[in-house]
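Below is one structure; the comments refer to it alone.
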Amino acid sequence: MTVTHSRAQRAAAEIYKILANGPDYERVPPLPETYWNACQRLLRMQEKARQRGWGAARNRVERRLLQVVADCSSHLHTLQEKLIETIRQRRLLNEQAIADDLRALSAEFDRVRIDLKHRSIAVETEPIVLQDIEFGRFRVVLNWISIPLYRAYRVIALAPHPASSKPDVTHPHVQEEALCEGDGQQAIRDALHQGRILDFFQLVRQILENYNPHNPYVRLEDWEACECHDCSDLIRDEGNRFRCASCEEDLCDACTIYCHDCGECFCADHSTRCPCCNKTYCCDCLAVCQQCHGKFCKECLDEQTCPQCRRATDEAEDAVDDFPAYDADGVETEELQTAHAAAAV
Amino acid sequence: MRVLLINNDGGGFADYVEISPNTSVQEFFRQRVPGRQPSDYLIRVNRLPVAADQMLQEGDRVSITPTKIEGGR
Ligand SMILES: [Zn+2]
Ligand SMILES: [Zn+2]
Ligand SMILES: [Zn+2]
Ligand SMILES: [Zn+2]
Ligand SMILES: [Zn+2]
């Protein structure tokens, strides 16, 4: 797709206008007038102390003066650096050169589109392949209105093959459509601020065509590895990958919890232990004790009662059985009377 | 004579530089990016790819962009 002359010209005029104003952060900071004035005041005080022979006061004033002079010069130093940086960056192309850059894009990239309405320029890369992993083509969209701001462009995967563990990472150096420029950061910034749009797109493409194994969002060797939902470790080996039968999240070998009833695998959120036998179960396989309302495995429950509640019931029944209830005359025995008295308390 | 050199390597650099007449693209690259392989760079003259032995002309715009730039995270 070639870029028409008039379209390139109109876009270039707008880009030039935006860049000529310069980004906000290029504004040179004000002179350190306050510090300067403080220096002058302290110098007058120092002179007065000297004339009157006030040794201690003079020492104090001089120490303070030294501090303020240091602050003042550090401000001037910052200002100097800022100016150097600004002058270095402000080699802005003229409008015609920007238009030439835009027209030359078609010779470098497959699909070039200048959208005057949305103030954007988009190009497409060739399909990107890094160490045999295919990432497809990327569309790089530059919004020229945003050049003076922080994030002026997006890198969009057209046939995304994201990392299994991070769906928003579509390239080892692209997350949420933002390229981490790494070594290309300064060159990209300069190219954008100087209106060298062709260089900008070339730089972005060159970063996309390379892989820096020391600092990727996701390493190429981990591209297909998924993240364990519970411990966040990468599961590199398919044989160590499990899935919670309840929430279907991926789990590593170490985090997978086996239910001793249904035999399925579960995550920590969807499994628990039976407080009686301490075996692991899924939440659905436990049942409620009718007496204490605690949750137990079915093996530990007997007639919907947990062992502890059963024991308590049995002991109570045994206690009643142990007492000879009535004597031959049908009168309550002494033991039973005592037991009743105790129960009443 | 003068050409505009845009070096996109590292910190970036764009300025007019003085060269002697009859300097080829290859020679110019050797002078400006010593010790590096031209194959590791995209070299464009007036925005177009060129042959290494092409002679530079007054006012040419030469851009040098590394082919291997390492991204980060
Ligand atoms: Zn885990
Ligand atoms: Zn789960
Ligand atoms: Zn279960
Ligand atoms: Zn149990
Ligand atoms: Zn119970």
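The values are calculated or read from the model by the stated rules, or taken from the named source; none is laboratory data. On a predicted model such as this, the values are computed, not experimentally measured, just so you know. Cβ: placed from backbone, ideal geometry, glycine included. Neighbour counts: every protein chain shown. Side chains included, ligands, DNA and RNA excluded: accessible areas come from the protein's heavy atoms. Shrake-Rupley method; radii C 1.70, N 1.55, O 1.52, S 1.80 Å.
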Discussion item. For chain A, set up a GNM with springs between Cα atoms under 10 Å and report which of A:299, A:85, A:315 has the largest fluctuation.
Written reply: A:315
Worksheet, complete the sentence: Within the set A:31, A:105, A:83, GNM on chain A using Cα springs under 10 Å gives the largest fluctuation to A:31
Response to the item:
Unit-weight point scatterers at every alpha-carbon of the stretch A:234-297, Debye formula, q = 0.13, 0.19, 0.25 1/Å: log10 I(q)/I(0) is -0.37, -0.67, -0.98
Worksheet item: Under 20 Å from a point 7 Å along the Cα-to-Cβ line of residue B:27: which residues of the stretch B:55-71 have their amide N that close?
Response: B:55-64
Worksheet item: Among the lysines, which fall within straight-line cross-link reach of residue B:68, defined as a Cα-Cα distance under 28 Å, with same-chain neighbours fewer than 8 residues apart omitted?
Response: A:166
Worksheet entry | Fraction of antiparallel bridges per DSSP, the protein assembly as shown only, in percent to nearest 5 | 90
Worksheet item: the stretch A:95-220: Rg/Rh from Cα coordinates, Kirkwood Rh?
Response: 0.96
Response to the item:
Probe 1.4 Å, all chains present, heavy atoms only: residue A:82 accessible area in Å², nearest 10, is 60
Item to complete: Report the net charge of residues surrounding residue A:301, where surrounding means a beta-carbon distance below 10 angstrom and charges are Lys +1, Arg +1, Asp -1, Glu -1.
Response: 0
Worksheet item: Beyond 35 Å, what percent of the Cα pairs of the protein assembly as shown remain?
Response: 58
Fill in: Largest-first principal axis extents, alpha carbons of the stretch A:1-104, Å
83, 15, 14
Fill in: Relative contact order [Cα under 8 Å, 6+ residues apart], chain A, whole percent
10
Worksheet item: To the nearest 0.05, how large is the calculated FRET efficiency for residue A:298 and residue A:237 if R₀ is 41 Å and r is the Cβ-Cβ distance?
Response: 0.75
Fill in: Residue-averaged [θ]222 nm for chain A, counting only DSSP H segments that reach four residues, each worth -39500 (n - 2.57)
-13000 deg cm²/dmol
Item to complete: Return the FRET efficiency for the residue pair residue A:56, residue A:151: r is the Cβ-Cβ distance, R0 is 56 Å, and the value is rounded to the nearest 0.05.
Response: 0.50
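Assuming 0.36 nm per residue, please report the length gained on full extension of the stretch residue A:80 to residue A:66 beyond their Cα-Cα distance.
Separation in residues times 0.36 nm, less the Cα-Cα distance, equals 3.0 nm.
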Discussion item. Under 24 Å between alpha carbons, and skipping anything fewer than 8 positions from residue A:117 in its own chain: which lysines qualify?
Written reply: A:17
Fill in: aspartates and glutamates with Cα under 16 Å of residue A:82, excluding same-chain neighbours fewer than 8 positions away
A:24, A:26, A:190
Worksheet item: Which FRET efficiency, nearest 0.05, do residue A:110 and residue A:220 yield, Cβ-Cβ r, R0 25 Å?
Response: 0.50
